[in-house]
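Accompanying notes for the structure given below.
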Amino acid sequence: MPGFEVFGKEEKKEIMDVLDTGVLFRYEFGEQRQGIYKVREFEKKFAAYCGAKHGQAVTSGTAAIKVALAALGVGPGDEVITQCFTFVATWEAIFDSSAMPVFTEVDETLNMDPADLEKKITERTKVIIPVHMLGGPARIVEIKAIADRHGIPVLEDTAQAAGCRLNGRHMGTFGKCGTFSFDSVKTMTTGEGGMIITDDKDFRRLMSEYHDHGHDHAVNPGGRGGEGRSFIGFNYRMMELQGAMGLAQLAKLDDMVACQKKTKAVLRRAAEEIPGVSFRNILDPEGDSATFFSFFLEDKAQAVRVNEILRQNNAGAIAFGENSWHFYPHWEHLHANATLSRCGWPFKDQDGRQRVIYDPAALPRSSALLDRLLVYQVPVHISEGRLEEITSAIRKAAKA
Ligand SMILES: *Cc1c(COP(=O)(O)O)cnc(C)c1O
């Protein structure tokens, strides 16, 4: 799964280009930078790779969601719908935009259930954020059709699905925009970093200005100090070293996915021997980025039994039904309204009134599903010996 596995001389070369000029900042330093604009080049190449018109680099995948929500005009009183199986970052960004996250069930795609989405749309819904979890697509075509019917923009949280395609089209290009993360464990990494892709030039410009303290990015003869501002912004700027890393990693992305697909196919063949097993619904196996291999057992008891045997054989799988970073029932800080804000915001308003209650038992179908799910992370590189160890553990579990 992670790009850190392939860090090598290509990354070092790109980084040395930057160190040789000493210009770490994406803007200005005209002469000194000798024509080197790594972040800008990374934005162009990443967007082109995905088949999008524009890319906006930022400091993280969380910042990418935040910046996109800002450019979509999201604020107090708004609701943003996302799914209950995602990394906490998705809804942290929603809260940070002063809006309220609303969570849907997930289905066998392990992503947003369109039928539940339909039920959760209200007149306050301003954005819908399906997440392409574990390298596989959400039912984005159905979700987009529902959103269009209600006139609501779709932001695709594509943090975990760089290189994933659905019917030949990259994830992140179906909605208004797609956001990516390049943190240390993602399919491609820049250490920390993120990107938003979109086809909408004006929208890109709002994001570009917002992420840079509101600097107007019209060509300005006065240089940065002379640039005006049309609205207040923030600082989510990516630096040149990250852009350099991104260029080297992007060039390796398709090869990483190809390696993962081979390993994943081997794991799947072994798991097919488990009685009653079924597999995550990957809508387009051809376009799978294969960063994870996910399978369902018949019930929770069987999942626990199987994983116990896998663990005993040094090949324990991830049980996301129990995961406290990725699954709603275990976000105890959300349920407990834990916040640093003295008045209790965003759970309470400034007069101490409760604004929202998040019930840990609110999404029973997803719990029933994730309780019988087991997942392996698929590395880019794996030795024959280790792969053999995992597949023989799976075969032992199948016979038990
Ligand atoms: C990693 C991740 C993010 C956040 O990315 P960071 O770069 O770590 O801020 C957002 N959403 C999902 C689904 C993620 O997995």
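The values are calculated or read from the model by the stated rules, or taken from the named source; none is laboratory data. From a predicted model like this one, the values you see are computed outputs, not experimental measurements. Using ideal geometry, Cβ is built from the backbone for each residue, glycine included, and neighbour counts are taken over all protein chains shown. What goes into the accessible areas is simple: the full protein's heavy atoms, side chains included, and nothing from ligands, DNA or RNA. Shrake-Rupley method; radii C 1.70, N 1.55, O 1.52, S 1.80 Å.
Just a few scattered comments:
- Lys53-Glu92 FRET efficiency (beta carbon distance; Förster radius 22 Å; 0.05 resolution): 0.20
- Solvent exposure of segment 254-399, expressed per residue, is 52 Å² of accessible area, with all protein chains present and a 1.4 angstrom probe.
- Stretchable slack from Glu384 to Ser230, in nm (0.36 nm times residue separation minus alpha-carbon distance): 49.7 nm
- Separation of the alpha carbons by more than 29 angstrom is noted, of Lys252/Lys399; Lys119/Lys176; Lys126/Lys264; Lys144/Lys348; Lys44/Lys120, for Lys252/Lys399; Lys126/Lys264; Lys144/Lys348; Lys44/Lys120.
- The protection proxy used here, the mean number of other Cβ atoms lying within 10 Å of each residue, ranks peptides 353-361, 105-113, 160-168, 60-68 as follows, highest first: 60-68, 105-113, 160-168, 353-361.
- Percent carbon-and-sulfur accessible area, segment 3-252, ignoring ligands, DNA and RNA, probe 1.4 Å: 54 percent
- Accessible area of segment 3-252 divided out per residue, in Å², using a probe of 1.4 angstrom: 38 Å²
- A crude spin-label estimate for the pair Gln354 and Phe7, with each label 7 Å from Cα along the Cβ direction, gives 4.6 nm.
- Proximal charge balance of Val80 [Cβ under 10 Å; K/R count +1, D/E count -1]: 0
- Summary of packing: across the peptides 373-380, 232-239, 275-282, the per-residue average of other C-beta atoms within 10 Å ranks them, highest first, as 373-380, 232-239, 275-282.
- Computed on the chain, with alpha-carbon pairs under 8 angstrom and 6+ residues apart, the relative contact order is 20 percent.
- Rounded Å value of the spacing that divides the Cα centres of segment 145-221 and segment 236-266: 17 Å
- Radius 13 Å from Cβ of Ala71, net charge of other residues (Lys, Arg +1; Asp, Glu -1): +2
- Positive-end extreme of charge dipole, segment 142-270 - chosen from Leu267, Tyr236, Phe174 (charges on Cβ): Leu267
- Between the beta carbons of Ala362 and Gln34, assuming R0 = 51 Å, the FRET efficiency works out to 0.35 to the nearest 0.05.
- Packing-based ranking, highest mean first, of 94-102, 296-304, 79-87, 341-349 given that Cβ atoms within 10 Å are counted: 79-87, 94-102, 296-304, 341-349
- With a simple spin-label model that places each label point 7 Å from the Cα along the Cα-to-Cβ direction, the separation between Asp284 and Arg269 comes to 2.6 nm.
- Percent carbon-and-sulfur accessible area, segment 254-399, ignoring ligands, DNA and RNA, probe 1.4 Å: 52 percent
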